[in-house]
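Engineer: Please see the structure below; I have some questions.
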Amino acid sequence: MGFTLADFADLGQYARMNTAHAFSFDYVLGDTIVALATAPVAAGVAVIRISGPRAWEVGASVCAALEGAAPRKVVFGKFILGREELDEGLAVGFRAPASFTGEDVVELQGHGGRAVVQAVLDAILAHGVRMALPGEFSRRAVLNGKMDLTAAEGLADLIAAQTEVQRKQALRQLDGALGERFEGWRKGVMNLLAQVEAAIDFPDEELDVLAAPALTKNMHSLMADLTAALGEQAGARVRDGIALAIVGRPNAGKSTLLNLLSGRDVAIVSDIAGTTRDVVTSVLDIGGFPVTLADTAGMRETRDVIEAEGVRRARKQAERADLLLVVVDSTLGEEIAADMAELMVPERTLVVMSKADKVDGDFPAKVKVGEEWYPVIAANLTEQEALKRVMPVLTRMVAEVGGEATESALLTRQRHKAAVELALQALGHALAVMARAGEGDGSVAELAAQDLRDAASAIGSVTGRTSSEDVLDVVFSTFCIGK
Ligand SMILES: Nc1nc2c(ncn2[C@@H]2O[C@H](COP(=O)(O)OP(=O)(O)OP(=O)(O)O)[C@@H](O)[C@H]2O)c(=O)[nH]1
Ligand SMILES: [Mg+2]
C-alpha cells in the first residue's frame, strides 16, 4: 500500500482521493487496516477501528491497558506513541471470527477532537497499519461470511436513513430478509437445473424429462415470482424517496402550497402570473416516508422562451412523479384544463382548490375528469389552517404509494432489478430451448442447463454468492471510509 495518511494534508483529502480512485489500489485482505468509524467532526467521543491480524498487537502498543485484556472487555487507559501521551479513553478488542469484520478487531474510543483523532491515527499508522479503503470493513465482513451483499447494502442504507420507514426497510435488509428472498429464488433455479441435468445424464429419457409438466410449471411459477418482484416500486421509493409534483395554471397558488407544506419560504410567491420557472424542490418526511415536493412553472402557452422551458420541465416533473397535486384557482371555476387532465392518474392525484376564501358556497368533494373521479380539497392556502385539511389526505396517498414497503423485503436498488431481469431472460431462453426437445437436437438439455446456470449466477450475484470482484467494487464504491 503506497499511501498512508501522512501523505495527505488532511483526512478529507485522503477520503476524496480514496473515493475517486476507489479500489484502484491492490486489494490486500491480509493487511491490518484502520479508520475513524465515527464522523470526522469535533465530538465528545470518536471511535477508531483497527481490523486485521495485527489489530491486537498494534492496539496494545497504542493502549497498553489492552495487553492481556479479555476479548469484548472494555479497558481504560492512555493512548500513546512511544513515550508521548496522545489521549486517554476506552479500548475493546474482539477475536476473529467473533467481530464485525470476522477478523481480529480493536476499537479505541478517545476524544472526538480533530487533532486528537489525527494523532491517534498517525500513531497506529506508524506501526505499519494502513488506512482502510471506503467500505473496506464491510467488504471484509462480506468476504469473511459475516453478512451477504444485500445486508452490507442494508447497513449503508441504515446509516443513511433519514426517516422512520427508511430505517425499518434498511434494518430488514441488514437482517438478511432480502438476501433470503434472493437465496430462495436461487435455490429454485438450482432445483430446476438438477432436473435438467438428469436429462443430460440419461439421454434416452431427455424428452420425457424436459417435457415433464412439473418442470415447465415450476419454471413458469418462478418466472412469475421474479416478474412480480420487478413490478414492486415501493422498495426503491422508500430508499430514494417518493416524488410529488405540484402543477397547475400560473398564479393558481402552487408555490404558496409548497411553502405551506414545507413550513418555510422555499419558493417565491407573487401575484404576477409566471413567477416560478425553475423546478423548486423541498424534501419532507410525510408519515415516515421521504417525499420530494417539486413546485413547477404554471402551465400555459407562452412566447417567452424561458417560461416555455419552465413549462416543459413542469410537464416532465409531472410525468415522472409518483404523486400529483393539481392546484386550481377556485375563483376561476373548477374546470381542469385538458393539458393538466392528461397528466392525472387515478389514486395518485389530489386536486387542491386554492383561494377558497374568495369564493362563496360549497365545494364538491370530488371532481370528474375524463372517466375518472379525483378527490378535492378546497382551502385558503395562505393560512396555516389549510395544512390540517391537505396533510391527512396527502399522508394517506403517500402511505398507499410506499405502503407495501413496510412489510416485506423489497428490491431496493437498480442492481437488484438488473439481476432479476437477467435471470428472467435466461429462464425465458431455457424455456424456449426446452420446447425444442424431441426435434432431434441432441444438445437441448445442455443448452437449457447453461441458461439455468446463468440465471442462478445472476441471482447469486445479488447476495454475493456468485459475485466477482466487479460486483463487490460496485457495491462498496458508494461506502465511505470507516464503514
Ligand atoms: N386569498 C388567497 N390568495 C392566495 C391563495 N393561494 C395563493 N394566493 C395568492 O395568489 C398569488 C399567486 O400565488 P403563487 O403561489 O405565487 O402562485 P403559483 O401557482 O406559484 O404561480 P406561478 O409561479 O406564477 O405559476 C399570490 O399573490 C398568493 O398570495 C389562497 O388560497 N387565498
Ligand atoms: Mg409559483
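The values are calculated or read from the model by the stated rules, or taken from the named source; none is laboratory data. Just so we're clear, the structure is a prediction, and the values are computed from it rather than from any experiment. Neighbour counts are summed over all protein chains in view; Cβ atoms, including those assigned to glycine, are modelled from backbone coordinates with ideal geometry. Heads up: the accessible areas ignore ligands, DNA and RNA and are worked out on the full protein's heavy atoms, side chains in. Shrake-Rupley method; radii C 1.70, N 1.55, O 1.52, S 1.80 Å.
Engineer: Expected output is a single nm value to one decimal: the length gained when fully extending between residue 265 and residue 78, i.e. 0.36 nm times separation in residues minus the C-alpha distance. What is it?
Structural biologist: 62.2 nm
Engineer: Sticking with this structure for a sec: Sort 237-246, 109-118, 200-209 by the packing proxy (mean of other Cβ within 10 Å over each peptide's residues), most packed first.
Structural biologist: The peptides rank, most packed first, as 237-246, 109-118, 200-209.
Engineer: Just how far, in whole angstrom, is the range 307-327 from the range 413-462 if you go by their alpha carbon centroids?
Structural biologist: 41 Å
Engineer: How far, in nm, would the chain grow between residue 228 and residue 334 when pulled straight, counting 0.36 nm per residue and subtracting the alpha carbon separation? Mind dumping the intermediate values first?
Structural biologist: Details: separation 106, 0.36 × 106 = 38.16 nm, distance 3.90 nm.
Taking residue 228 through residue 334 to full extension adds about 34.3 nm, to one decimal.
Engineer: Moving on to the next point. Using only the alpha carbons of the range 238-406, what is the convex hull's orientation-averaged projected area in square nanometres?
Structural biologist: The directionally averaged projection comes out at 9.4 nm².
Engineer: Ordered by packing density, taken as the mean number of other Cβ atoms within 10 Å over each peptide's residues, highest first, how do 305-312, 274-281, 445-452, 132-139 rank?
Structural biologist: Working: 305-312: 15.4, 274-281: 17.8, 445-452: 22.1, 132-139: 25.0.
Ranking, from highest mean packing down: 132-139, 445-452, 274-281, 305-312.
Engineer: Shifting gears a bit: Roll a 1.4 Å probe over the protein chains and send me the accessible area per residue for the chain in Å².
Structural biologist: 47 Å²
Engineer: Could you sort out which of 316/366; 316/483; 254/368 sit more than 28 Å apart by Cα distance in this structure?
Structural biologist: Pairs exceeding 28 Å: 316/483.
Engineer: At 7 Å along Cα-to-Cβ for each site, give me the label-to-label distance between residue 126 and residue 389 in nm.
Structural biologist: With each label placed 7 Å out from Cα toward Cβ, I get 7.0 nm.
Engineer: Let me ask another. First measure r as the distance between the Cβ atoms of residue 118 and residue 414, then evaluate 1/(1 + (r/R0)^6) with R0 = 41 Å and state the FRET efficiency to the nearest 0.05. Intermediate results must be reported in sequence, preceding the final value.
Structural biologist: Values: r = 37 Å, r/R0 = 0.91.
The computed FRET efficiency comes out at 0.65.
Engineer: Considering only protein heavy atoms and a probe of 1.4 Å, how much of the accessible area of the chain is carbon and sulfur, as a whole percent? List each step's numbers first, then the result.
Structural biologist: On the way: 11900 of 22600 Å².
Carbon and sulfur together cover 53 percent of it.
Engineer: For the range 112-234, which semi-axes, largest first and in whole Å, follow from the square roots of 5 times the eigenvalues of its Cα gyration tensor?
Structural biologist: Working: eigenvalues 439, 90, 12 Å².
Equivalent ellipsoid of the range 112-234: 47, 21, 8 Å, largest first.
Engineer: Follow-up. Would you mind getting me the FRET efficiency between residue 422 and residue 400? Use the beta-carbon distance for r and R0 = 30 Å, nearest 0.05.
Structural biologist: About 0.45, to the nearest 0.05.
Engineer: Still on this structure, please answer the following. Could you please report the charge total around residue 452, scoring K, R as +1 and D, E as -1 over all other residues with beta-carbon less than 13 angstrom from its beta-carbon?
Structural biologist: -1
Engineer: If you place +1 on the Cβ of every Lys and Arg, -1 on the Cβ of every Asp and Glu, and leave all else neutral, what size is the dipole of the chain about its Cα centre, to the nearest 20 Debye?
Structural biologist: About 1220 debye.
Engineer: Considering the Cα trace of the range 358-483, what is its radius of gyration and what is Dmax, both in angstroms?
Structural biologist: 26.2, 81
Engineer: Of all alpha-carbon pairs in the range 229-334, indicate the percentage at a distance above 15 angstrom.
Structural biologist: 62 percent
Engineer: Using only Cα atoms, figure out Rg for the range 196-269 and give it as a multiple of 2.2 N^0.38 Å.
Structural biologist: Details: Rg = 27.2 Å, N = 74, 2.2 N^0.38 = 11.3 Å.
It is 2.41.
Engineer: 222 nm [θ] for the chain, helices only, -39500 (n - 2.57) per DSSP H run of 4+, per residue, to 500?
Structural biologist: About -14000 deg cm²/dmol.
Engineer: Taking the Cα centre of the range 238-406 as the origin, how large is its charge dipole in debye, to the nearest 20, when only Lys and Arg (+1) and Asp and Glu (-1) carry charge on their Cβ atoms?
Structural biologist: Roughly 240 debye, rounded to the nearest 20.
Engineer: What is the distance in Å between the Cα centres of the range 227-271 and the range 355-371?
Structural biologist: Rounded to whole Å, the Cα centres lie 22 Å apart.
Engineer: How big, in percent, is the set of alpha carbon pairs in the range 163-286 lying more than 17 Å apart?
Structural biologist: Numbers: 5536 of 7626 pairs.
Counting pairs separated by more than 17 Å, the tail of P(r) holds 73 percent.
Engineer: Right, something else. Starting from a Cα-only point model with no solvent, please compute log10 I(q)/I(0) by Debye for the chain at q = 0.06, 0.07, 0.10, 0.14 1/Å.
Structural biologist: Taken in order of the listed q values, log10 I(q)/I(0) reads -0.43, -0.57, -0.94, -1.16.
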